[in-house]
């Protein structure tokens, strides 16, 4: 587990919008996040989910305009990461395109196609940088299509709703898998665009189709449904989740025994009781202003190092994150890896290994000092 007393190595908050990320109500959510950033907001806006659209720059541009105008009190430095499509100059694998992510402390990704986002970002440099920055404290804000894409199993909304493909799931980016959480994320949970003629809830699937989709999922998953114009703010630092916005959040999960809502009046006609019963799950609902501990559904097991990330990626993220007193010479990847190993040794109270690593770092021309904020490097 990570040391929650060292915020510099604790993952940042994760915000999941059901929709409405640029609606007036979203300002309260962004206010909440930005007040918790350790420095002025360095915002990276990922263009990827809409990268297939001819006006993708305009799609992400609306988010940029919202932040610059509605959040100007925080003086955010906003940069668009134009990681649109692999095999082009705007590839998510391009180091030039992805580089600004290493300096960001808030990463946003939103509208577009979930399936396209997964296809372009899976194992990409852009996504690996995003995971590394979040692991080191950057806030991660996802909305709409990006929420679906971040699931362990992503719902192919367009393929089913627009094209008419058979019901199925696709492997997602599995954002929470690095923390041991098997989550399926469903925004637009209470969508009502179909009016009285067509049930478009459950992200346009409707109750009946969603029940069939639930039956296709393997056991042991937690399904998180997020209403429109609503956000779920997950705080790894204090192991809590908060609901903010016009609607609520629905959890369908297996796990420890506790009182569930099965059979209670508020589930009548929603299809949830039947879905949960078939899936041997519990159902919980939370509304605006309510919070719950992550242990209720999804306790996060946070690694203390770069586990699950390529070593070179983790080293680059550490280099951008670690305070360095002397900046004329940047520490090498080898030095940064040794510094991270020493941090782990100290966290495990292995003082012998810590001293050996200090000597190895010194042999490479660097002095590592221990401060209240963590380790600091100086060129010797």
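Fully extended, how many nm does the chain gain between residue 36 and residue 290 (0.36 nm per residue separation, minus their Cα-Cα distance)?
89.5 nm
Given N residues in region 7-296, what is Rg(Cα) / (2.2 N^0.38 Å)?
0.96
What do you get for Rg/Rh over region 16-133 if you use C-alpha atoms and the Kirkwood form of Rh?
0.95
Return the calculated 222 nm mean residue ellipticity for the chain, to the nearest 500 deg cm²/dmol, obtained by summing -39500 (n - 2.57) across DSSP H runs with n ≥ 4 and dividing by the residue count.
Calculated from helices alone, the mean residue ellipticity at 222 nm is -9000 deg cm²/dmol.
So between residue 166 and residue 65, what do we pick up on full extension, going 0.36 nm a residue minus the alpha carbon distance?
Here the segment from residue 166 to residue 65 would lengthen by 32.5 nm.
When all alpha-carbon pairs of region 37-88 are counted, what percent fall beyond 18 Å? Walk me through the intermediate numbers first.
Numbers: 473 of 1326 pairs.
Tail of the P(r) past 18 Å holds 36 percent of the pairs.
No value in this document is a laboratory result; all are computed from the given coordinates. What you see is a predicted model, and the numbers here were worked out from it, not measured in a lab.
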